[in-house]
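To start, the structure itself, in structure tokens.
The values are calculated or read from the model by the stated rules, or taken from the named source; none is laboratory data. Quick caveat: nothing in here was measured; it's all calculated off a predicted structure. In this analysis, Cβ positions are derived from the backbone assuming ideal geometry, glycine residues included, and neighbour counts consider all displayed protein chains.
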Amino acid sequence: MQTYRKVILIALDMLRADHVGCHGYPRPTTPNIDALATESTVFTDCTSSFCCTVPSFTSMLTGKLPRNHGVVINPWSAPNCHEIYLDDTVPTIAERLWSEDFLTAAVDNLINFASHPNWFARGYQHSLNATRTAAPQAYMTRGDAINAELLPWLRAHHERDFFLFVHYWDAHGPFTQPEEYNAPFRAMELPLTQTRTGEDYVVGAGPLRAVEKLGRGPIDQYDGATKFVDERVGEVLSLLDDLGRDEDTVVIITSDHGRTDYGRPDEWRARGVYQGTMHVPLIVHLPGAEQQAVVKAPVHGTDLIPTILELLGRGVPDDLDGSSLVGAMRDGSQVHDMLGACGAYCGAPQRLLRRGNFKLIRTYSDAIADIASMYNEEGNRALTGAPRLEVYDLDSDPFEQVNLATEWPELAEQLNLELEGWLKRVADDPDMPDPLIENCRWGIRVDSTLVN
């Protein structure tokens, strides 16, 4: 495959795949992204590395699994959080690409978290922070402020070879887009389908009964925010076209995580390893592409960095956990025999394993049982009542409504053994204590557990 010299990686924070038009969403949230997708490779089954912001972006920008980079909690509001850090010897994509003749740039403000995760600024020759105030949650900057930094940078540097990372917060919230973006969605009917059990289900949200109980307002706001950020992406694509850079720039659009379905504990937030949170969009546009290719094979958030490196002709280092998707873009071939990810659900660590059409969810409530009572007494969210093992057939039950572990306990235990084997195979140091367990215990104690 041809190699390239310019790459833009656009991350739309907290955007579920099933709220994007080219991923099947019927409401008109993403016309600009959808137009790009008609000349791109659309990966219909991309799994995030983690269910919340800091760990997922750490995996996305290093190509390493949380098991190996160790960042497995989201201490956005915890200053002096020295327990959560990325080892200085783990390079980011910007550090791998930095050279005299290649620009690395980011329009991002993750470093504004109270914990100041400084690895999100490592390796960038140009780091543009659009935050205008130190007020709480001010880092969740609106997309027009991002573009006020981004578009002038592109005009000034488009002739250089570059890697550019762009992070938009709009779909995350708080939803600050103009009201004109929300009103059309409030006037539309919610898209309905049915679950495996015959229950009415709101596409991209959850069971209708749960939506009726909580109210549809957050869904309409979410879609309004998605439409707003899609227009900001459209401005970037339009500028590339005006500059003639659409002919030589790779554009990748994805997300760090989605939102939990209505009807689950911590609904409509970023919790757990269920599909609403873990299934993210992935669109890869190569210059000169004139038609859409669809890859249904499961892929993973750690695959982005190997893919970018191969597209740039840099070679894929052996120390990365992800795999390049270039071959799959060429012929749709399988990338992973199985893949895993992790997160936490109401305080309890969770992992998932995907193998074929089956998805295992393992909840490690037993690992934190000794501090569960303290957590509840403080009036925080109750620890999950999720079973130890859940198994779903995603082909027949994409909304994860029927736990097959009850009917097929042998299958559940077999998949759990495969999960343990997979963890050992992918671990850089199998003897290292599991950071997911240790840091979730720590996070409960300081009440900074996985807020985003």
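Couple of notes before you dig in:
- Applying the criterion of being assigned to a helix (DSSP H, G or I) and of a type in the set (A, V, I, L, M, F, W, C) to the residues of the range 1-37, the residue that is farthest from Val54 (Cα to Cα) is Ala35.
- Restricting the range 428-445 to residues that are hydrophobic (A, V, I, L, M, F, W, C) and out of contact with any Asp or Glu (no Cβ under 9 Å at 6 or more places or on another chain), the residue that is modelled with the lowest pLDDT is Ile444.
- Matching residues, the range 242-286, being surrounded by 22 or more Cβ atoms within 10 Å (Cβ to Cβ) and hydroxyl-bearing (Ser, Thr, Tyr): Thr249, Ser255, Thr260, Tyr262, Tyr274, Thr277
- Matching residues in the range 207-218 - criterion: being under 14 Å from Met188 (Cβ atoms) and either in contact with a His (Cβ under 9 Å, 6 or more places away or on another chain) or exposed (fewer than 13 other Cβ atoms within 10 Å of the Cβ) (or both): Gly217
- Cβ-Cβ under 7 Å pairs, at least 6 apart or on other chains, the range 281-310 side touching a residue at least 12 places away in the same chain (Cβ under 8 Å) and under 19 Å from Ser48 (Cα atoms), far side surrounded by 24 or more Cβ atoms within 10 Å (Cβ to Cβ) and among the charged types (D, E, K, R): Thr302/Lys64
- Among the numbered conditions (1) under 21 Å from Asp261 (Cβ atoms); (2) surrounded by 15 or more Cβ atoms within 10 Å (Cβ to Cβ), the only one that Gly198 does not meet is (2).
Here's the yes/no breakdown for (1) surrounded by 19 or more Cβ atoms within 10 Å (Cβ to Cβ); (2) polar (S, T, N, Q); (3) within 16 Å of the chain's Cα centre (by Cα):
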{"residue": "Gln2", "(1), (2), (3)": "no, yes, no"}
{"residue": "Ala11", "(1), (2), (3)": "yes, no, yes"}
{"residue": "Leu15", "(1), (2), (3)": "yes, no, yes"}
{"residue": "Val20", "(1), (2), (3)": "yes, no, yes"}
{"residue": "His23", "(1), (2), (3)": "yes, no, yes"}
{"residue": "Ile33", "(1), (2), (3)": "yes, no, no"}
{"residue": "Ala37", "(1), (2), (3)": "yes, no, no"}
{"residue": "Gly63", "(1), (2), (3)": "yes, no, yes"}
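- Scope the range 65-97; condition surrounded by fewer than 24 Cβ atoms within 10 Å (Cβ to Cβ), more than 17 Å from Gly301 (Cα to Cα) and in contact (Cβ under 8 Å) with a residue 40 or more places away in the chain; matching residues: Trp76, Ser77, Ala78, Cys81, Glu83, Ile84, Arg96, Leu97
- Test: residue in the range 404-414 that is at pLDDT below 95, under 27 Å from Gly70 (Cα atoms) and over 24 Å from the mean Cα position of the chain (by Cα): no
- Condition check for Gly263: in a loop (DSSP other than H, G, I, E, B) and over 16 Å from Met14 (Cα atoms): yes
- The criterion of at least 3 residues that are not assigned by TED's automatic domain parsing to the domain that holds Arg27 is met by none of the helices (runs of 4 or more DSSP H) falling completely within the range 164-249.
- The criterion of being surrounded by fewer than 22 Cβ atoms within 10 Å (Cβ to Cβ), within 20 Å of the chain's Cα centre (by Cα) and aromatic (Phe, Trp, Tyr) does not hold for Phe102.
- A single member of Gly276, Gly272, Gly258 is part of a helix (DSSP H, G or I), touching a residue at least 24 places away in the same chain (Cβ under 8 Å) and more than 16 Å from Trp153 (Cα to Cα), and it is Gly276.
- In the range 333-343 there is at least one residue that is touching a Leu at 6+ places or on another chain (Cβ under 6 Å) and small (Gly, Ala, Ser).
- Ile111 meets the conditions (1) under 19 Å from the mean Cα position of the chain (by Cα); (2) surrounded by 19 or more Cβ atoms within 10 Å (Cβ to Cβ) in every case but one. The failed one is (2).
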